[in-house]
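The structure under discussion appears below in the form of structure tokens.
The values are calculated or read from the model by the stated rules, or taken from the named source; none is laboratory data. Quick caveat, the model's predicted, so the values are computed rather than measured. Neighbour counts are summed over all protein chains in view; Cβ atoms, including those assigned to glycine, are modelled from backbone coordinates with ideal geometry.
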Ligand code: M6R
């Protein structure tokens, strides 16, 4: 064991065969509980007095700033606690962060250097003031915040009730806080005032999945946190240290982050970071640099993060392509640290993802099968492991996840690894759990995506999947290098074409505003246009709360056409009329069929396709690009349509009801 100093902070490190390796990959795979896990945002901070005097960093300011950035994770209620003058002072409020800010305005907290904060997505007990975090224990001297669910809370609560503990909320968190308080006060046997030790003992008793942060008035300079199957990152500062559910929690203050492994406890003070396992054995974290700056997590003059992120898309695609091919047009995915010989032997690819990321997977299937001739299945991650799938050492599992924390996807990846598959993660969040638990990662470089509705991550995921498909084709000799070069050149032109769509979106926005009272909108597509139709429908559902369905256009006559009635709006994603085996004519026939039954047809077509005009109430043209790459363009008008319509309805575009950005729910 050795103590390494990392720029003012101290990390306890245990070298393993001389390597600074990711612990989770080495340890036996732990089956996560089949459970609901909260999706809250968590921040912790400890600074020293000179730090505060220099930079005006009071714990409350830092914590509130972190909560503002993390609010996308959950927004049912929010709360903070600081340690000041030998006591804990806490405020909490149901509703969005603004409610808490108003409460703090009327009832301010004392100045402090140690604090924690929480923004909640309710799982256990409704979103009330009482159930909001922090929860207090040990006579109000201890405060705890929590993301996750304590599965054995009922049994622990009973035990604590018998000891005379009283509870004021319906949450499992309050039980965990009371347990920690009881251990701290009554069970430390000579190690009094050791919150770290108490947390270790408490975690040994807790079942479920959780991130816990605690402060205690007896140890005013310390925040102690624990993690099991729920995200937690440490931020390293100079004379101050941070904790966050993700790096947004402290990105205003430092870009130096430390990943924690499963079942670890971290104790931060202003000058040190110490990591142990749940039994007190020193453990290690892995430091990394956060490569996006705080400005990229701001709205930048747009009315919502979603609008901003839609406009970030030319850059998201360009950044994802950057540095991944050489001057000869050869793919150079050096980060894919999987033996090329193994990749050559792959006989099946399974893409695992949820929601929008799964639609990116569907697009990937068309491209990968076309270029690599490897059978490719796309499966919703939550369905995958419950159907006894056929997976072996020749299976390549590609997971796609913006957050890298989606519990369904994580569980599916773990299952696939257990079965011997090689796993590659396509992910947007550096240091998150899914890439860490995969054999290799291909990061999308979309920058932080804050709006709950995914936009730029989707295009970046598709781009990364294309790169992976081309790389496999190159490795296995499925297509000529000239062809790869051509596709890469076409991909390189996509950002400018997206920009063209963004610049010409005025009429589409006008249409969206005029449709704000629609009750239902349908979306049709075929081939790669099918996942685009699904994505268009999902966007509208999640932010405009309008009933929307996406269908494969060929499926219409097998049922969905019965939905068509006078005035029913239907978006149709029309394939290019160019090319020998174009599906264009078939989709145009579909448009005629629905128009004949009264549908209002809103058509997305390729520039130069004049034939569709006759059948469309509105046509929105996108620039020409090869068919397989078309989703990178045809998706954009549908995103703009949904965002504009939701805005016209007066809805919160970034924080739609009932949803949270990071879905750590199984
Ligand atoms: O973080 P992930 O990409 O794993 O998230 C997957 C889905 O939850 C996500 O794409 C969700 O469907 C979005 N809200 C869609 O806009």
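Restricting to the range 450-463, count the residues that are assigned to a helix (DSSP H, G or I), within 12 Å of the ligand (Cβ to nearest atom) and touching a helix residue (DSSP H, G or I) at 6+ places or on another chain (Cβ under 7 Å). Number of matching residues: 4. Residues in the range 110-145 that are touching a helix residue (DSSP H, G or I) at 6+ places or on another chain (Cβ under 6 Å) and over 21 Å from residue 166 (Cα atoms): 112, 113, 114, 115, 117, 119. Counting residues in the range 229-237 that are assigned by TED's automatic domain parsing to the domain that holds residue 71, over 21 Å from the mean Cα position of the chain (by Cα) and either touching a residue at least 60 places away in the same chain (Cβ under 8 Å) or part of a strand (DSSP E or B) (or both) gives one or more. Hey, any hits in the range 549-556 for a residue that's away from the ligand (no atom under 16 Å from the Cβ), in contact (Cβ under 8 Å) with a residue 24 or more places away in the chain, more than 30 Å from residue 368 (Cα to Cα) and not assigned by TED's automatic domain parsing to the domain that holds residue 96? There is no residue in the range 549-556 that is away from the ligand (no atom under 16 Å from the Cβ), in contact (Cβ under 8 Å) with a residue 24 or more places away in the chain, more than 30 Å from residue 368 (Cα to Cα) and not assigned by TED's automatic domain parsing to the domain that holds residue 96. Of the residues making up the range 647-666, those that are touching a helix residue (DSSP H, G or I) at 6+ places or on another chain (Cβ under 9 Å) and more than 12 Å from the ligand (Cβ to nearest atom) number 6. Would you check which residues across the range 517-530 are farther than 30 Å from residue 365 by Cα and surrounded by fewer than 16 Cβ atoms within 10 Å (Cβ to Cβ) and list them? Of everything in the range 517-530, those that are farther than 30 Å from residue 365 by Cα and surrounded by fewer than 16 Cβ atoms within 10 Å (Cβ to Cβ) turn out to be 517, 519. Scan the range 304-332 for residues that are part of a loop (DSSP other than H, G, I, E, B) and crowded, with 23+ Cβ neighbours inside 10 Å and the total you get is 1. When 132, 89, 143, 137 are checked against the criterion of being within 27 Å of residue 49 (Cβ to Cβ), touching a strand residue (DSSP E or B) at 6+ places or on another chain (Cβ under 9 Å) and buried (at least 24 other Cβ atoms within 10 Å of the Cβ), 143 stands alone in meeting it. Candidates 537, 533, 544, 512: the one that is within 16 Å of the ligand (Cβ to nearest atom), within 14 Å of residue 639 (Cα to Cα) and touching a helix residue (DSSP H, G or I) at 6+ places or on another chain (Cβ under 7 Å) is 544.
Hey, can you tell me all the residues within the range 403-420 that are assigned to a helix (DSSP H, G or I) and either within 12 Å of the ligand (Cβ to nearest atom) or farther than 14 Å from residue 436 by Cβ (or both)? 407, 408, 409, 410, 411, 412, 413, 415, 416, 418, listed by residue number. Residues that are more than 16 Å from the ligand (Cβ to nearest atom) and within 23 Å of the chain's Cα centre (by Cα) were ranked within the range 351-379; the one that is nearest to residue 459 (Cα to Cα) is 365. The single residue among 642, 646, 614, 605 that is crowded, with 19+ Cβ neighbours inside 10 Å, without any contact (Cβ under 8 Å) to a residue 60 or more places away in the chain and either part of a helix (DSSP H, G or I) or within 34 Å of the chain's Cα centre (by Cα) (or both) turns out to be 605.
Looking for something in the same structural domain as residue 362 (by TED's automatic domain parsing) and away from the ligand (no atom under 16 Å from the Cβ) - is there at least one such residue anywhere in the range 421-431? Yes: one or more hits. Against the list (1) away from the ligand (no atom under 16 Å from the Cβ); (2) out of contact with any strand residue (DSSP E or B) (no Cβ under 9 Å at 6 or more places or on another chain); (3) under 19 Å from residue 318 (Cβ atoms), the condition residue 625 fails is (2). Taking the criterion of being more than 16 Å from the ligand (Cβ to nearest atom) and crowded, with 19+ Cβ neighbours inside 10 Å, would at least one residue in the range 474-486 satisfy it? Yes. Restricting 469, 447 to those that are in contact with a helix residue (DSSP H, G or I) (Cβ under 9 Å, 6 or more places away or on another chain), more than 14 Å from the ligand (Cβ to nearest atom), within 20 Å of residue 660 (Cα to Cα) and outside the structural domain of residue 251 (by TED's automatic domain parsing) reduces the list to 447. In the set (1) surrounded by fewer than 24 Cβ atoms within 10 Å (Cβ to Cβ); (2) within 14 Å of the ligand (Cβ to nearest atom); (3) in a strand (DSSP E or B), the condition left unmet by residue 382 is number (3). Yes or no: the range 333-348 includes at least one residue that is away from the ligand (no atom under 16 Å from the Cβ), surrounded by 23 or more Cβ atoms within 10 Å (Cβ to Cβ), within 27 Å of the chain's Cα centre (by Cα) and in contact (Cβ under 8 Å) with a residue 24 or more places away in the chain. Checked the range 333-348: no residue is away from the ligand (no atom under 16 Å from the Cβ), surrounded by 23 or more Cβ atoms within 10 Å (Cβ to Cβ), within 27 Å of the chain's Cα centre (by Cα) and in contact (Cβ under 8 Å) with a residue 24 or more places away in the chain. When residue 152 is tested against (1) modelled with pLDDT under 95; (2) crowded, with 24+ Cβ neighbours inside 10 Å, just one condition goes unmet, and that condition is (2). The listed residues are 624, 639, and the only one of them that is outside the structural domain of residue 363 (by TED's automatic domain parsing) and either under 30 Å from residue 147 (Cα atoms) or in contact with a helix residue (DSSP H, G or I) (Cβ under 8 Å, 6 or more places away or on another chain) (or both) turns out to be 639.
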